[in-house]
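Only one structure is covered here, and it is reproduced in the block below.
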């Protein structure tokens with residue numbers, strides 16, 4: 001998408017008119033896109049030759065990429081700092097469980113879990129959007145706790161101990177892991193692409209304005225509340241997809257697991273490391289967090305101490321995250337959603353003219 005705005009200044013020497021060229025693309029965008037497609041294709045083929053342990057770890061990583069991307073969409077673009085996104089992780093998991101108990105396959109139920117959680121997020125947004133700042137954050141956490149207490153009342157869902165997801169035993173262990181991995185990859189890729197397309201749309205301009213100055217955005221007629229609601233519903237859908245994959249990968253649904261606030265802690269940590277307010281940041285942060293988790297898990301309490309120190313160091317000395325540092329030094333942008341402005345001279349002489 002390119003637009004040209006001329007300044008009206010004409011050079012007397014060569015008759016060239018200077019103009020501002022505004023675009024969202026850059027020369028390497030095609031190669032980056034091709035590399036992304038090739039990367040996704042390679043990831044999709046991994047279960048065919050990688051070990052089961054490695055694939056299982058990748059499932060957990062892809063879940064983290066999806067939920068971190070969704071949390072970043074809320075906090076990084078519309079300033080909605082939620083500590084209750086586990087509400088939709090749990091909702092997605094329990095929708096899969098209920099559908100499976102009624103004869104619907106778990107993988108078919110994944111899509112229905114995404115749609116159902118998105119619909120649930122609409123009335124939920126009317127409640128939490130009445131508050132702002134810390135009150136909004138607390139309200140999202142309260143809703144997740146209410147949902148957990150609600151499902152614990154049903155003995156058919158296993159009460160407080162949870163219940164296994166029926167119907168998964170028809171797959172062999174190897175096939176089940178492959179399908180689960182592909183489901184996790186699909187949720188992660190769709191989460192990233194949906195945020196990218198949203199930011200490239202007209203609504204993306206509103207979100208950018210809201211992030212920079214919400215009062216200013218309102219003053220020029222931007223529908224701020226509607227924009228926030230769209231992002232909130234999108235984030236709910238993405239987290240629900242991740243929750244559905246969690247239910248399938250763990251073979252059961254336990255309320256203390258799927259509604260745990262630890263999921264929000266993981267999202268926040270990944271976004272903080274990678275870089276808030278960027279598409280690339282949560283992906284890089286999720287990978288970094290996952291690597292730290294795998295390397296340091298054997299050190300028990302020291303694992304948490306090191307993670308905390310890393311988080312504080314990033315917050316103090318690298319607030320833009322790892323991707324912010326790389327993008328500034330390398331002038332790199334894998335997902336061009338902002339605008340580039342450059343000055344360009346164009347000849348005003350007509351063909352064959354003197």
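The values are calculated or read from the model by the stated rules, or taken from the named source; none is laboratory data. Only a predicted model underlies this, so the values are computations on that prediction, with no experimental measurement involved. FYI the Cβ positions are ideal-geometry reconstructions off the backbone, even for glycines, and counts take in every protein chain you see.
Below is a table of values for the structure above.
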item	result
The one condition in (1) in a loop (DSSP other than H, G, I, E, B); (2) surrounded by fewer than 21 Cβ atoms within 10 Å (Cβ to Cβ); (3) under 18 Å from the mean Cα position of the chain (by Cα) that residue 103 fails to fulfil	(3)
Residue in the range 188-202 that is surrounded by 17 or more Cβ atoms within 10 Å (Cβ to Cβ), at pLDDT 85 or above and more than 30 Å from residue 56 (Cα to Cα) present	yes
Yes/no for residue 276 being in contact with a helix residue (DSSP H, G or I) (Cβ under 6 Å, 6 or more places away or on another chain), touching a residue at least 12 places away in the same chain (Cβ under 8 Å) and outside any helix (DSSP H, G or I)	yes
Matching residues, the range 156-179, being on the phi > 0 side of the Ramachandran plot and more than 29 Å from the chain's Cα centre (by Cα)	158, 159, 167
Residue count for the range 153-179, restricted to those that are closer than 21 Å to residue 58 by Cα and either in contact (Cβ under 8 Å) with a residue 24 or more places away in the chain or touching a helix residue (DSSP H, G or I) at 6+ places or on another chain (Cβ under 9 Å) (or both)	8
Selection count where residues are at pLDDT 90 or above and either exposed (fewer than 12 other Cβ atoms within 10 Å of the Cβ) or not in a helix (DSSP H, G or I) (or both), scope the range 132-145	2
Residue 306 vs. criteria in contact with a helix residue (DSSP H, G or I) (Cβ under 6 Å, 6 or more places away or on another chain), assigned to a helix (DSSP H, G or I) and over 23 Å from residue 69 (Cα atoms)	yes
One residue from 55, 83, 96 being touching a strand residue (DSSP E or B) at 6+ places or on another chain (Cβ under 8 Å) and in contact (Cβ under 8 Å) with a residue 60 or more places away in the chain	96
Of residues in the range 211-229 being surrounded by 14 or more Cβ atoms within 10 Å (Cβ to Cβ) and in a helix (DSSP H, G or I), the one modelled with the highest pLDDT	229
From 41, 29, 5, 34, residue being at pLDDT below 90, more than 23 Å from residue 244 (Cβ to Cβ), surrounded by fewer than 11 Cβ atoms within 10 Å (Cβ to Cβ) and out of contact with any strand residue (DSSP E or B) (no Cβ under 9 Å at 6 or more places or on another chain)	34
Count of the range 332-352 residues which are at pLDDT 75 or above and exposed (fewer than 14 other Cβ atoms within 10 Å of the Cβ)	0
